[in-house]
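Some notes on the structure that comes next.
The values are calculated or read from the model by the stated rules, or taken from the named source; none is laboratory data. This structure is a prediction, so every number in the text was calculated from the model and none was measured. We place every Cβ from the backbone using ideal geometry, glycine too, and count neighbours over all the protein chains shown. These accessible areas exclude ligands, DNA and RNA; they are computed on the full protein's heavy atoms, side chains included. Shrake-Rupley method; radii C 1.70, N 1.55, O 1.52, S 1.80 Å.
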Amino acid sequence: MNNDLGLLNRLNKPAGPVDVVLDTDTYNEIDDQYALSYLVKSGDKLHLKAVYAAPFFNEKSTGPEDGMEKSYQEILHILTLLEKEEYKERVYKGSAGYLPDEQTPVESAAARHLTELAMEYTPEKPLYVVAIGAITNVASALLMRPEIKDRMVLVWLGGNSLEWPDNKEFNLFQDVAAARVVFGCGVALVQLPCMGVVSSFTTGAGELEMFLRGKNKLCDYLVDYTEKEGALGSKNSCWTRVIWDVTAVAWLLDESFMEDKLIPSPIPQYDHHYSFDPTRHFIRYVYHINRDNLFEDLFRKLAES
């Protein structure tokens, strides 16, 4: 099993402040807006160096490039609500499409910036890459400059739990080739699976009204948007809304927010299932979210003026 000491050390949760970039399909759902806001408002521990717009394709976009462009604009909008205009120069457009295969990167400003930024770090003091969309930008950077894999830690919300009957999860199935790159290249990877793990991180209108309504412009925007999306996405009047992207940021913050373990890196397959090889290098796998602990911290920080 290829598990060198450096990789295992990078898979440990960092003890002090760290430099972070965020890769996000921000216009896709409401949870990316929470994650970006939470990261910015955790500036004592997380030093935001860049934000990358990720591609996505669903009913909110006409294709991956349109999804990326809309996400780029939504990132700027959230930074305005956060009154962090100075961060806008750190926002980069990502890939216009997905990887054509597992050897060919997609050129973008985001991928190119990541290759350059990561080279400023070391295996002992890595750059942390929090990714909450299709992993195209990050995989492209790793293909462009493979040596950055030892200078970064990738925290990715993608795929479903190992026990889930399929692996057809939005972030992963958009670009399976990119997922296979990041699971296979040996980068220090922390996986937060969606269905079966972070799918427990939900909230509803009552909590949003109690803890966020009226606190500031950002909170009112998040409440209005979440309540609209929650009502549209459920046939029930008593709905809850998953805002799971927050958990990827939270992994860097506190020991009490989730439980994880080391496992051999699973292999995402093109038929939307995992296969397994016990000799593969380790990744860190999150298997439980301490939901109330994390929401208390999230709501408190978002409500700060």
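What to note about this one:
- Residue pairs meeting the criteria (Cβ under 9 Å; at least 6 apart or on separate chains; first part of a helix (DSSP H, G or I), in the stretch 275-294; second surrounded by fewer than 19 Cβ atoms within 10 Å (Cβ to Cβ) and of a type outside the set (A, V, I, L, M, F, W, C)): Arg291/Ser200; Arg291/Thr202; Asn293/Asp254; Asn293/Ser256; Leu294/Asp254; Leu294/Ser256
- Within the stretch 262-274, the only residue that satisfies the criterion of being in contact with a helix residue (DSSP H, G or I) (Cβ under 8 Å, 6 or more places away or on another chain), open to solvent by 40 Å² or more (accessible area, probe 1.4 Å) and part of a strand (DSSP E or B) is Leu262.
- Residue in the stretch 236-252 that is of a type in the set (Lys, Arg) and without any contact (Cβ under 8 Å) to a residue 40 or more places away in the chain present: no
- Test: Leu117 is assigned to a helix (DSSP H, G or I), open to solvent by 30 Å² or more (accessible area, probe 1.4 Å) and either touching a strand residue (DSSP E or B) at 6+ places or on another chain (Cβ under 7 Å) or among the small types (Gly, Ala, Ser) (or both): no
- Output for the stretch 210-226, where each listed residue is open to solvent by less than 50 Å² (accessible area, probe 1.4 Å) and more than 24 Å from the chain's Cα centre (by Cα): Asn216
- Considering each residue of the stretch 82-90 in turn, at least one proves to be among the hydrophobic types (A, V, I, L, M, F, W, C), closer than 20 Å to Ala303 by Cα and over 17 Å from the mean Cα position of the chain (by Cα).
- Where Leu11 falls short, out of the listed (1) over 30 Å from Thr279 (Cα atoms); (2) open to solvent by less than 10 Å² (accessible area, probe 1.4 Å); (3) of a type in the set (A, V, I, L, M): (1)
- Against the test of being open to solvent by 50 Å² or more (accessible area, probe 1.4 Å) and farther than 28 Å from Tyr285 by Cα, the options Glu255, Glu207, Glu259, Glu229 yield a single qualifying residue, Glu207.
- Residues of the stretch 70-87 that turn out to be open to solvent by 60 Å² or more (accessible area, probe 1.4 Å) and either free of Cβ contacts under 8 Å to residues at least 40 places away in the same chain or on the phi > 0 side of the Ramachandran plot (or both), as a count: 4
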